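The values are calculated or read from the model by the stated rules, or taken from the named source; none is laboratory data. Remember, predicted model here, so these are calculated numbers, not experimental data. Because the Cβ atoms are built from the backbone with ideal geometry, glycine has one as well, and the counts that use them run over all protein chains shown.
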Amino acid sequence: MPRPVALKRDPAQEQSVQNWIQQLLGEEWPVDLAYEDALKDGVILARVMNILLPGSIPKINTKGTNFRMMENVNMIQKALVKYGVPQSDVFQTNDLWEKRDLGINSMFKCM
């Protein structure tokens, strides 16, 4: 089943996901970053995946070129499928980088 072209953002759902991530990681959300900016480079999501599926992302790029940071997102996508999220529900790399389809909250419903 193809993904919808655009998913509406739900601020309450985003706050719920943000709270869940904070609780899971045991740390506060980066105060200087909006929700979409904090998730863009995949670092936070990769750390979450390593808690949910230990060792699923062996190396998280925390700095470097955009290409290096996009590698995080590619590894997250593969880990999500291994975790059991249907491929059709896995967000696209551009969803994060272009902040255009941040309905990625749907992936957290499976967790």
Count, please, the residues in the range 49-62 that happen to be surrounded by fewer than 20 Cβ atoms within 10 Å (Cβ to Cβ) and among the hydrophobic types (A, V, I, L, M, F, W, C).
4
Name every residue in the range 66-105 that is of a type in the set (Asp, Glu) and modelled with pLDDT under 90, in order of residue number.
Asp89, Asp95, Glu98, Asp101
I want to confirm something. Restricting to the range 24-59 and keeping residues that are closer than 20 Å to Arg9 by Cα and not in a loop (DSSP other than H, G, I, E, B), which single residue is modelled with the highest pLDDT?
Ile44
Exception for Leu53 within (1) within 13 Å of the chain's Cα centre (by Cα); (2) under 19 Å from Pro86 (Cα atoms) falls at (1)
